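Report on the following structure.
The values are calculated or read from the model by the stated rules, or taken from the named source; none is laboratory data. Bear in mind the structure is a predicted one, so any value in this text is a computation, not a measurement. A quick note on method: Cβ atoms are made from the backbone with ideal geometry, for glycine too, and the neighbour counts reach across all protein chains shown. Accessible surface areas use protein heavy atoms only, side chains included; no ligands, DNA or RNA. Shrake-Rupley method; radii C 1.70, N 1.55, O 1.52, S 1.80 Å.
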Amino acid sequence: MTTNGQTQQFDKTAFKAAVEKHLTTTYANTPTTATSRSWYLAMGRALAEITTGNLLETEQQLAEEKVRSVNYLSLEFLIGRLTGNNLISMGLYEDVADAMKEMGHSLTDLLEEERDPALGNGGLGRLAACFMDSLAAQEYPAVGYGLHYEYGLFRQSFVDGRQVEAPDAWRGLEGYPWEVVRPELNQTVNLYGHVEAYKDENGNACRRWVPGMTVEGVAWDLPIVGYDNKSVYPLRLWECRSPAPFSLSRFNDGDYVGAQYSALEAGNVTKVLYPNDNHDQGKALRLMQQYFHCACSIADILRRHIGAGNKIEDLAKLETIQLNDTHPTIAIPELMRILLDEYKLGWDAAWTISSKTFAYTNHTLLPEALETWSEALIAQMLPRHMEIIFEINHRFMKLVEQTWPGNNEVKRKLSIIEEGSQRMVRMANLCVVGTYAVNGVAALHSELVKRDLFPEFDELFPGRLTNVTNGVTPRRWIKYCNPGLSALISEKVGNDWPNKLEKITGLEKFAEDKAFQKRYMAVKKENKQRLADWVKENMDIEIDTNAIFDIQIKRLHEYKRQHLNLLHILSLYHRLLNDPSFDMQPRVFFFGSKAAPGYALAKDIIFAINKVAEKVNSDSRLGGKLKVVFIPDYRVSLAEILFPAADVSEQISTAGKEASGTGNMKFALNGALTIGTMDGANVEMREEVGDENIFIFGLLVDEVQKLKEEGYDPYRYYHADSLLRAALDLLETDEFTPGKPGQLATIRHNLLDGGDPYLVLADFADYVKTHEKIDVEYRNQENWARKAILNTALMSKFSSDRSIRDYANNIWKLKPVNR
Ligand code: GPW
């Protein structure tokens, strides 16, 4: 499977001995009795020995050479299974497959034993994982900082069509074979207490935090293995060990009551990943997670910086810190606190260092996802940080006053503190004020950040607001998940495309080549078969690989409009049963999606899709033309089967709502044609692949805004469009919930009487029409093959290697260091 050169010395005999040693000593097993799982674990440990060695060497070299590095701070890293991917990066896939075969095991079977480390919700966490992969592949010095959650994103199952959540103990009893604990990197984290004024030895007035309690941060490193090179960077995940709450009362000063106590009662700080995507819940324990993450990470960055013999004044020269959304914003006042209170720098000196160290990525414009924390909560948990935030704001307000004298409206709008019945801290505003660069994640999104979210900030800090379009790693999202396509690409353009994705442009000239089209479509067919086999085995549903595989996989959210997809399915159902002249290519609609446990409408949409699926899949009147498959427990390892098998990719968010999307890129690279709105990165994908090779529909951002301003009336569409009416009205009947009419009615109600906040009905007609076009185009297989090939060929811009180069060149000013 590998095509790159082996980057590690590989001694098969020694490797087999190492596996056996781990099997017997680490996992207390014998080769004759061990299960596949034990073999997988022992193999993983034997491989981790190699990467840990390289990680320590890389670390040491970078410290000695005093090179500039980036620190990527994220509450989520949705890394997916590491074993197969690391084998590819190390160039050891075939050697290890060989070694394991000699020991009686198939590598592919062993790889299936690995549980997904689900330390993220969706796109934001997966992007962080792709970025770490691209940093290592291109040897940009980097450390990823995250949290070592005991439970990752919940596991999803369906009971009578409804989502049921179960805890995800991703490490199992044995621990994860790729992780290594670093006890010497432990940190102590303070919480609560109060701030004290005192005079230093020179009589200067100073302030210091007298904490109310402490918890301990334990570092776990996962290896991020550079593709085809010798660099291994740490993904450092902090685990919180907190003493039992009752032992904390050593100060006994009344700080232990109220919210503080209840937050701790909820358990260890890093017990569980919050399952919200694009939604701010404002829970005290989440703030504690965020601070714990930042305190450990900042302390570790300073330990490395000072430990390598550098001066604190040179921090911004040698380190930059990228904030993945506002979730780690509290790192800004944390660094300020350390510079002011511990290094005793003056405000201006501290602020210069801090604001030249941090950069911030904005991933959303959705108001409900823009984080705010109540002043009262921060003041209680982090009293010194609240003082510092006030001081930052005070100084910033002076600047605003200078720029717009007497303009209270603009002050109110830009202030880090939102006034109201309870004062709130706006984390995004703090980020814009406290960083040297702010970027959106796709060209359109970054324009909207400037135009709609932060126009005054753009005026105040010209050039600070910029764009870096997202990307995905071609290693995991082509080479590893689509070996058939990878072989085909290598044959035509050479085998160095996985880290030089520009090379796949060379496929363009084969788009018309009939023989190549056949082989390309044969690969697609194999991938569809692999998915069909999975569905048969795990869900006992038969699907025909001649059908169009139409896939929507992403978190469940109204703005992503899975219910628009559902309405289209209902319209097809209606037409197949009621319109004798209607014909269509057989289609299978796949969904994969988790809903936040507290998001009732999202869960209702899952239920509705499942109920429609039940009926449709067993309705012989449909002649097998329509199937609906909702894959349970969608996760990275299933995404690896789904993306390569898609003919059609659903990217149908309301224009202006999806900041970028990254699944859209994975689909197109793997040769699916997109049906999508002019939203997020779809816009740039269209520019790259050409309007003929993508199916764009729906209202544009400005049309959405205009329609809302004019007063949007969903009933207008309902009354005017009989097909839409038929689809919506089916939700009121008991067609899909026999004997229980109305079980699916909440969706219809939300769209009609609830005002249809995401304009599903306004886009329905164009969506249906565009799907009809797809139906026609698919019938001409040569035509379809050409378009699919062109999608693969013309998508090279969307490698995360390019995104990381953009960050490195335009924001971080970072250079690769080759080992
Ligand atoms: F709200 N994204 C996400 F901006 O997956 F923080 N979770 C989140 O909580 C947020 C954003 C946040 C996604 C965006 O929705 C998606 O459009 C984008 O491609 C992805 O982040 C990576 O930039």
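Using packing as a proxy for protection, rank 148-156, 223-231 so that the peptide with the highest average count of other Cβ atoms within 10 Å comes first.
Listed from highest to lowest mean packing, they are 223-231, 148-156.
About its Cα centre, what dipole magnitude does segment 474-798 give when the only charges are +1 on Lys and Arg Cβ and -1 on Asp and Glu Cβ, stated in debye to the nearest 20?
Approximately 1060 debye in magnitude.
For TYR140, what accessible area in Å² do you get when you roll a 1.4 Å probe over the heavy atoms of the protein chains, rounding to the nearest 10?
The value for TYR140 is about 10 Å².
Under 20 °C and 1.002 mPa s, how fast does segment 474-798 diffuse according to Stokes-Einstein, given a Kirkwood radius computed over C-alpha pairs? Answer in µm²/s, whole number.
106
R0 = 22 Å: FRET efficiency of GLU401 with ASP348, Cβ-based, nearest 0.05?
Computed FRET efficiency for GLU401 and ASP348 comes out at 0.75.
How high is the relative contact order of the chain, given as a whole-number percent (alpha carbon pairs under 8 Å, six or more residues apart)?
In percent, rounded to a whole number, it is 13.
Compute the Rg/Rh shape ratio of segment 40-139: radius of gyration over Kirkwood radius, all on alpha-carbon atoms.
Value, to two decimals: 1.02.
Using the charge dipole of the chain (Lys, Arg: +1 at Cβ; Asp, Glu: -1 at Cβ; taken about the Cα centre), state which of GLY661, MET584, LEU751 has its Cα farthest towards the positive end.
In the chain, that residue is GLY661.
Net charge near LYS603: determine it from the other residues with C-beta under 14 Å of the C-beta of LYS603, scoring Lys and Arg +1 and Asp and Glu -1.
Taking every other residue near LYS603 into account, the sum is -1.
Among LEU673, HIS385, PRO183, which residue has its Cα positioned farthest towards the positive end of the charge dipole of the chain, with +1 placed on the Cβ of Lys and Arg, -1 on the Cβ of Asp and Glu, and the dipole taken about the Cα centre?
The residue sitting farthest along the positive end of the dipole is PRO183.
For ASP763, ASP160, give the ranking by accessible area with the largest first, probe 1.4 Å.
So the residues, ranked largest to smallest area, are ASP160, ASP763.
Take every Cα pair under 8 Å in segment 474-798 that's 6+ residues apart, average their separations, divide by the length, and report that relative contact order as a whole percent.
About 23 percent, as a whole number.
Based on the mean of other beta carbon atoms within 10 Å per residue, what is the order of 87-97, 446-456, most packed first?
The peptides rank, most packed first, as 87-97, 446-456.
Which FRET efficiency value, to the nearest 0.05, is calculated for SER157 and ASN204 with the Förster distance at 51 angstrom and r the Cβ-Cβ distance?
Using R0 = 51 Å, I get an efficiency of 0.25.
Roughly how many whole Å is it from the C-alpha centroid of segment 398-476 to that of segment 788-819?
Rounded to whole Å, the Cα centres lie 25 Å apart.
So, counting K/R as plus one and D/E as minus one, what does the shell of residues with Cβ under 12 Å around CYS130 add up to?
In short, +3.
THR473's amide H: which non-local residues (gap 5+, or another chain) put their own amide H closer than 5 Å, with H modeled 1.01 Å from N in plane and none for Pro or chain starts?
Counting only residues 5 or more places away or on other chains, the set is SER800.
According to a simple spin-label model (label point 7 Å from Cα along Cα-to-Cβ), what is the distance in nm between MET103 and THR505?
Result: 4.5 nm between the two label points.
I need the peptides 676-683, 24-31 ranked by packing, meaning the mean over residues of other C-beta atoms within 10 angstrom, with the highest value on top.
Per-residue mean Cβ counts within 10 Å order the peptides as 676-683, 24-31.
Taking a 1.4 Å probe, which of HIS574, HIS327 shows the most accessible area, and what order do the others take after it?
Most to least solvent-accessible, the answer reads HIS574, HIS327.
Taking 51 Å as R0, compute the FRET efficiency from the Cβ-Cβ separation of ALA28 and LYS518 and round it to 0.05.
Plugging the Cβ-Cβ distance into 1/(1 + (r/R0)^6) gives 0.45.
Give me the dipole magnitude in Debye, nearest 20, for the chain about the Cα centre, with unit charges on the beta carbon: positive for Lys and Arg, negative for Asp and Glu.
840
What whole number of Å gives the distance from the Cα centroid of segment 329-394 to the Cα centroid of segment 110-182?
Taking the Cα centre of each part, segment 110-182 and segment 329-394 sit 28 Å apart.
Can you tell me the convex hull volume per residue for the chain, based on C-alpha atoms, in Å³ to the nearest whole number?
Considering the Cα atoms of the chain, their hull volume per residue is 174 Å³.
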